[in-house]
Amino acid sequence: MGERGPIGQPDNVRALRGNPGGRPAPERVTAPPGVPEPPDWLDAEALAEWDRIVPELNRLGVLALVDRAALTTYCAAWSVFVRAEKALQEDDLVAERRAGNGPSKSPGWQIWRESATTVSALAKELFITPSSRLRSVKPEGDNGGDEGDGILD
């Protein structure tokens, strides 16, 4: 039987978020930090998303070389999502059935929904969503270049 409770966070994410409960962290397998290279088969939209998020994730210190597959899947799903969104914008949202049984949902919605679900799930895992970042704390020594830092102190 597996462990109970939520899945533990990677050490680098735990370091960013802190340890408000003060309990000792369990011994975990860690991956050395690093920036993976994108696979050469990603299309232009997926590579643009890779180039947009990877530098920021690296700046936050949450990347490891072993994250390549998750990053690749996220970026490829993003590309499919963009193509599905554009197709739905250009086409009717409702499709006529072949047998003439009246209107039905466009088949593009299924592709849109599945890719959006994949993007959303992996964004949470990769520390990309606002809620995953809001639950974090700034790492020690990170000045981050935020001009408004300390404005409410």
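Throughout, read-outs are computed from the coordinates displayed, never taken from laboratory work. Nothing here was measured: the structure is a model prediction, and the numbers come from that model. Positions of Cβ are generated from backbone atoms using ideal geometry, with glycine treated the same way; all protein chains shown enter the neighbour counts.
Computed quantities for the displayed model
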item: Summed residue charge, Cβ within 14 Å of Arg52's Cβ, Lys/Arg positive, Asp/Glu negative; result: -3
item: Placed amide H near Ala64: partners under 5 Å, 5+ positions off or other chain; result: Gly34
item: Computed lengthening from Arg52 to Ala64, 0.36 nm per intervening residue step minus Cα-Cα distance; result: 2.6 nm
item: Distance (nanometres) between label positions extended 7 Å along Cα→Cβ at Ser131 and Ala116; result: 1.6 nm
